[in-house]
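Working notes, beginning with the structure itself.
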Amino acid sequence: MGMIDPCYRLLVEQKIADFLREDVHFEDVTSALISANETGSAIIVAKEDGIICGLAEVEILYAILGCTLEAKKVDGEPVEKSEVVATISGPIRALLQGERTALNLLMHLSGVATKTREFQAIVEQERVNPRCKIAATRKTIPGLRVMEKRAVKIAGGDTHRWDLDDMVLLKDTHRSYFGDVAGMVAKYKAETSFTKKIEVEVETVDDALLAAQAGADIIMLDNMTFEDMKEALAAIEAAGLRGSVIIESSGNVDVSTLPEHAHTGVDLISTSAITLKARALDFSQELIP
């Protein structure tokens with residue numbers, strides 16, 4: 001399937017090895033009666049339509065086990081039910097030992113990619129701002145964030161921030177500590193590196209305007225009504241600040257509400273629905289007789 005980015009391999013190879021160890025502590029007692037020298041092949045088959053992602057991770061997994069994967073698809077491409085997406089060759093024991101972990105990763109990451117592509121397609125049909133994107137959050141499964149974020153990116157979404165190093169994100173918990181919005185933003189602008197953007201989560205029209213006036217780079221309209229979101233955007237526009245700030249909406253994001261989010265004019269719609277709540281896409285692995 002082509003060269004896997006070496007930096008990405010470094011990020012995930014140890015994680016994938018740990019996933020394998022979780023499934024095989026000492027030995028695979030079911031495969032113990034198969035000769036260690038016996039080699040063979042297996043195919044991975046899609047059992048439903050969707051967007052595939054995870055072939056890179058499965059290739060790394062089987063390489064750890066001494067097998068070779070030949071991908072028939074590329075991560076991010078559509079797949080159809082009954083389509084063969086990859087062939088794996090190597091020791092039969094290894095093919096059987098890696099099967100469940102490989103499919104778990106492929107199914108989950110393809111689910112993330114499929115849901116992201118679905119959401120992004122809706123936004124592209126409805127959006128009034130050409131920059132509007134579906135974005136992930138840090139609500140990810142522990143240990144899988146880098147893989148889930150890659151799946152989001154491959155499917156056309158935005159990764160948002162990967163971790164706490166990326167940028168400043170001031171939420172209601174920070175607000176309760178610092179007090180007012182304007183003072184909080186001013187303090188972070190004065191004492192944080194110029195390389196870091198500052199985002200502020202707000203729940204009212206007044207706070208959205210205050211955050212924009214204080215110089216926030218990004219304003220997240222969190223769980224606001226669609227009418228209040230439109231009013232916040234209008235207030236920021238009237239103050240002459242719309243061009244200098246990115247507006248993000250979050251909360252109450254699903255297939256039915258996405259058009260309304262897009263119609264408010266926000267630049268970004270962030271949601272955990274594409275990571276934590278994505279339904280796995282079904283695949284099977286079959287040993288070739």
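Starting from the Cα gyration tensor of the stretch 150-278, take the square roots of the eigenvalues, sort them a ≥ b ≥ c, and report rounded, prolate or oblate (rounded when a/c is under 1.5, otherwise prolate if a/b is larger than b/c, else oblate).
On the way: a/c = 1.76, a/b = 1.22, b/c = 1.45.
Taking the square roots of the gyration eigenvalues as a ≥ b ≥ c, the stretch 150-278 is oblate.
The string of couplings for the stretch 118-133 from the Karplus curve (6.51, -1.76, 1.60, θ = phi - 60°) is 4, 5, 5, 5, 5, 4, 5, 6, 9, 5, 10, 10, x, 8, 4, 9 Hz, one whole number per residue in order, with x for Gly and Pro.
Once the chain from L164 to R21 is taken as fully extended at 0.36 nm per residue, the excess over their C-alpha distance is 48.6 nm. Between A86, A262, A190, the GNM of the chain built on Cα springs shorter than 10 angstrom shows A190 fluctuating the most.
Ordering K149, K115, K81 from the fewest to the most neighbouring beta carbons within 10 Å gives K81, K149, K115.
Could you compute the FRET efficiency for Q213 and C7, with r as their C-beta to C-beta distance and R0 at 35 Å, rounded to 0.05? Walk me through the numbers before you get to the answer.
Details: r = 40 Å, r/R0 = 1.13.
Efficiency, rounded to the nearest 0.05: 0.30.
Rounded to the nearest Hz, the phi-derived 3J(HN,Hα) couplings of the stretch 137-152 under the Karplus curve 6.51 cos²θ - 1.76 cosθ + 1.60 (θ = phi - 60°) are 10, 8, 7, 10, 6, x, x, 10, 4, 4, 6, 5, 5, 4, 4, 4, where x marks glycine and proline. Amide H contacts under 5 Å for T39: I92, restricted to partners 5 or more places along the chain or on a different chain, H placed in the peptide plane at 1.01 Å from N. Separation of the stretch 186-243 and the stretch 60-90, taken as the distance between their Cα centroids, equals 45 angstrom. With both residues required to sit in the chain, DSSP beta bridges show an antiparallel share near 50%. In this structure, A32 and T87 have a Cβ-Cβ separation that, at R0 = 25 Å, corresponds to a calculated FRET efficiency of about 0.50. Would you look at the GNM of the chain, springs on alpha carbons closer than 10 Å, and say which of E22, E126, E148 moves the most? It is E22.
With a cut-off of 11 Å between beta carbons, the residues surrounding A151 carry a summed charge of +3, where Lys and Arg count +1 and Asp and Glu -1. The mean sequence distance of close C-alpha pairs (under 8 Å, at least 6 residues apart), as a share of the length of the stretch 158-270, puts its relative contact order at 21 percent.
Within the shell defined by Cβ-Cβ distances under 15 Å, the residues around D28 carry a net charge of -2, with Lys and Arg each +1 and Asp and Glu each -1. Using helices alone, what [θ] at 222 nm do you get for the chain, with -39,500 (n - 2.57) per DSSP H run of 4 or more residues, divided over all residues and rounded to the nearest 500? Per the formula, -13000 deg cm²/dmol.
Using alpha-carbon pairs under 8 Å, 6+ residues apart, how would you state the relative contact order of the stretch 22-124 in percent?
Working: 169 pairs, mean separation 37.4, N = 103.
With pairs under 8 Å counted, the relative contact order is 36 percent.
Between A135, A273, A214, the residue with the greatest mean-square fluctuation in the GNM of the chain (Cα pairs under 10 Å linked by springs) is A214. Between S284 and E80, residue separation times 0.36 nm minus the direct Cα-Cα distance comes to 72.1 nm.
Taking θ as phi - 60° and the Karplus parameters 6.51, -1.76 and 1.60, the scalar couplings of the stretch 36-48 work out to 5, 8, 6, 10, x, 9, 9, 10, 10, 10, 6, 9, 7 Hz in sequence order, x denoting glycine and proline. With a/c under 1.5 counting as rounded, go ahead and sort the stretch 44-182 into rounded, prolate or oblate using the C-alpha gyration tensor (a ≥ b ≥ c being the square roots of the eigenvalues; past the cut-off, prolate if a/b is larger than b/c, else oblate). Note, shape of the stretch 44-182 comes out oblate. Here the contact order of the chain, divided by its residue count and restricted to Cα pairs under 8 Å and six or more residues apart, works out to 22 percent.
Mind scanning K73/K149; K153/K230; K47/K73 and naming the pairs with a C-alpha gap bigger than 18 Å? Don't skip to the answer; put the middle values down first.
On the way: K73/K149 20 Å; K153/K230 28 Å; K47/K73 15 Å.
Pairs exceeding the cut-off: K73/K149; K153/K230.
Rule-based calculations on the coordinates, nothing more; no lab input. None of the values given here were measured: they were computed from a predicted structure. Don't worry about glycine lacking a Cβ; one is built from the backbone with ideal geometry, like all the others, and counts go over all protein chains shown.
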